[in-house]
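The values are calculated or read from the model by the stated rules, or taken from the named source; none is laboratory data. Quantities reported herein were computed from a predicted structural model and do not represent experimental measurements. Cβ: placed from backbone, ideal geometry, glycine included. Neighbour counts: every protein chain shown. Quick note on the areas: whole protein, heavy atoms, side chains included, nothing else; ligands and nucleic acids left out. Shrake-Rupley method; radii C 1.70, N 1.55, O 1.52, S 1.80 Å.
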Amino acid sequence: MPTDREFCLGIIGLGYVGLPLAVEFGKHLPTVGFDLNAARVAELRRGHDSTLEVGDDELASASHLSFTTEGSELSPCNVYIVAVPTPIDAAKRPDFRPLQGASRTVAQVLSPGDIVIYESTVYPGATEEVCVPLLEKGSGLTFNRDFFCGYSPERINPGDKEHRLPSIVKITSGSTPETAATVDRLYKTIITAGTFAASSIRVAEAAKVIENTQRDVNIALINELALIFDRLGIDTAEVLAAAGTKWNFLPFRPGLVGGHCIGVDPYYLTHKAQEVGYHPEMILAGRRINDHMGHYIASSLIKLMVRKGIDVAGSRILILGLTFKENCPDLRNTRVIDIIRELQDYGVMVDVYDPWVDQEEAKKEYGLTLLRQLPQQTYSGVVVAVAHRQFTAMRVEQLRDLCLERAVLYDVKGLFPKEVVDGRL
C-alpha cells in the first residue's frame, strides 16, 4: 500500500467532479487524468476547461498533471479515483454502465497493493457489489488481499465559485482499517476544510445518497405547496417570505429539480430499498411531484394565453435558459426540457436562448437548435426558466420588448415582482 511520498494518482473521468480533483492533486502529486472523450482531453491539454469549473490559470498550475485517453498510460499509478457519471435509464433505474466501464479500465492496470477509490454516487453496497467483482475479474487479483477500495463521495456544486473542492468537508472510507486511514490521509493533502472518516464504505455511500434525497423531498414539499396556493389564488413567494420570518423555517423555493444529483440520486436509494423489500413512499412521492413541475409550468402558461385570447396552436414561445441551474453550462438532466416538450405537444413553436450552453451539446443531447443571440422578433410568450446573470440583469421592459402586444411573461425563478409578470411559481 503506497505511502504519502509514493502516491501516484489516476483520475478516471474528467468532468465536473474528476477535473477539479485531478487539478488539486496535480499541484502536489504525480497525477494522470483519463477520459474516453478525445475532444475533452485535447481541450484540457490546450489548457482550457469548457465546463468552466477550473480556470485556465488554475489548470496551468497543476504542474504534475497529465491527460490521456489511453488506459495503458494509467499503469504507473497506485491509487485510482473513479469519478464518472451515475445516471438513470428511461425506466429511472440505476445505469451502471459508465461505472462498470471505468472499473474494467482500472482492472487492466491494477497491481498488488493498489487502492481504487470511487466518488460516483451509488446506493449503499454498490461499490462492493457492482465494482469489486469487475476489478477482481479483470485483474486476476483478490479484493482486500491484493488490492483495496475506498469510497469518498463527491460534493461538487457546478457553477459555485464559493464552495470549491478544497473548502468542502470530504467524507472518506476504506475497505480495511489501514486502507481507510490511507484514503483519509490522501484527501487531507488537498482538502483544507478537513475530512470525516466514515466507519465503512456502505456508510459513506449512504451519506452521499441521502444528502440529495433530503433536498429533493424538501423541494417537493414546497412545489406541492405552490400547486395548492395556485388553486387558492395565493402568491407562494409571499407565503414563503412570511413563513421565513421564523428562525427555523427552511428557505426552500419552488422550481424545477434537475441536474446530475438531486433529480437522479434518490432513484439509486429507492432502487436498493425495493431490492431489499421496502417500498419507499415519501421519496418516490417527492420524485413524482418534482418530475411533474415542467408540465405544470407549461400548462399554466397555456391557460394564461387562452385567457388573453391568444391562439395557442402555431404561436411562438421563447424560453430563456436551458441549463439545469444558473450560471453554468451543465445540461445534464435539465428539466427545462419538460417545459419545451409539453409546449410542443400543444402545437407551440418553441425557441430557446441560453448564452451558457454549447450549441453542439444541446443538439446532441436534446435535438435542439438554440438561438445564438436574443431574437429581434416578438413572441406570444416568454418564459424565464433559468436565473442566469444575463437574464437577472434584464429589466422587465426588455422582456416585454420580446413580446407581441398580447403575450404572456412567465417567471419560473421568481426574479420579478408579481405585478409586472403574468405568471410565476
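Rounded to the nearest 0.05, what FRET efficiency do ALA42 and GLN100 give with R0 = 30 Å and r taken as the Cβ-Cβ distance? Could you check?
Numbers: r = 26 Å, r/R0 = 0.85.
With R0 = 30 Å, the Cβ-Cβ based efficiency is 0.75.
Using protein chains only and a probe of 1.4 angstrom, how many square angstrom of MET349 are accessible, to the nearest 10?
Ignoring ligands and nucleic acids, MET349 comes out at about 80 Å².
Report, in cubic angstrom per residue, the convex hull volume of the C-alpha atoms of the stretch 356-411.
Considering the Cα atoms of the stretch 356-411, their hull volume per residue is 94 Å³.
Which of the aspartates and glutamates could a cross-linker span from LYS137 if the Cα-Cα distance has to be under 20 Å and same-chain partners fewer than 8 positions apart are dropped?
Within the straight-line cut-off, LYS137 pairs with ASP114, GLU128, GLU129, ASP146.
Using alpha carbons only, what's the Rg to Rh ratio of the stretch 174-318 with Rh from Kirkwood?
Numbers: Rg = 21.2 Å, Rh = 18.8 Å.
Answer for the stretch 174-318: 1.13.
To one decimal place, what Kirkwood hydrodynamic radius in Å is obtained for the stretch 1-155 from all pairs of distinct Cα atoms? Kindly include the intermediate steps, with their values, before the conclusion.
Values: mean 1/r = 0.0638 Å⁻¹.
Taking the inverse mean of 1/r over all distinct Cα pairs, the stretch 1-155 comes out at 15.7 Å.
Given the Cα-Cα distance of GLU73 and ILE228 and 0.36 nm per residue of separation, how much length would full extension add, in nm? Intermediate results must be reported in sequence, preceding the final value.
Working: separation 155, 0.36 × 155 = 55.80 nm, distance 5.69 nm.
Once the chain is fully extended between GLU73 and ILE228, it gains 50.1 nm.
Using just the Cα positions, wrap the stretch 89-216 in a convex hull and report its mean projected area in square nanometres, one decimal place. Before the final figure, lay out the partial values.
Details: hull surface 34.4 nm².
Averaging across all directions leaves 8.6 nm² for the Cα convex hull.
Express in nm, to one decimal, how much length is gained between THR192 and TRP247 on full extension, taking 0.36 nm for each residue of separation and deducting their alpha carbon distance.
Values: separation 55, 0.36 × 55 = 19.80 nm, distance 3.03 nm.
Contour length minus Cα-Cα distance gives 16.8 nm.
Considering only C-alpha atoms, what is the centroid distance from the stretch 23-48 to the stretch 235-309, in Å?
A separation of 37 Å, based on Cα centres.
Please report, in whole Å, how far the alpha carbons of the stretch 258-403 spread along each principal axis, starting with the longest.
On the principal axes, the stretch 258-403 reaches 56, 34, 27 Å in Cα extent.
Can you list the lysines whose alpha carbon is less than 29 Å from that of LYS188, not counting same-chain residues fewer than 8 positions off?
Within reach: LYS27, LYS161, LYS170, LYS208.
Give, in nm to one decimal, the length gained when the segment between ARG389 and GLU275 is fully stretched (0.36 nm per residue of separation minus the Cα-Cα distance).
Length difference between fully extended and current span is 36.7 nm.
Measure off 7 Å from each Cα along the Cα-to-Cβ vector at ARG372 and ILE310, then give the distance between these two points in nanometres to one decimal.
Reported label-point gap for ARG372 and ILE310 is 2.8 nm.
ASP345 to ALA181: FRET efficiency via 1/(1 + (r/R0)^6), r the Cβ-Cβ distance, R0 60 Å, to the nearest 0.05?
Working: r = 56 Å, r/R0 = 0.93.
Computed FRET efficiency for ASP345 and ALA181: 0.60.
For SER167 and GLU360, what is the calculated FRET efficiency with R₀ set at 45 Å and r taken between the beta-carbons, to the nearest 0.05?
On the way: r = 33 Å, r/R0 = 0.73.
The value I calculate is 0.85.
Run down the lysines and flag those whose C-alpha is under 18 Å from the C-alpha of LYS92, throwing out any fewer than 8 positions away in its chain.
In chain and number order, the partners are LYS272.
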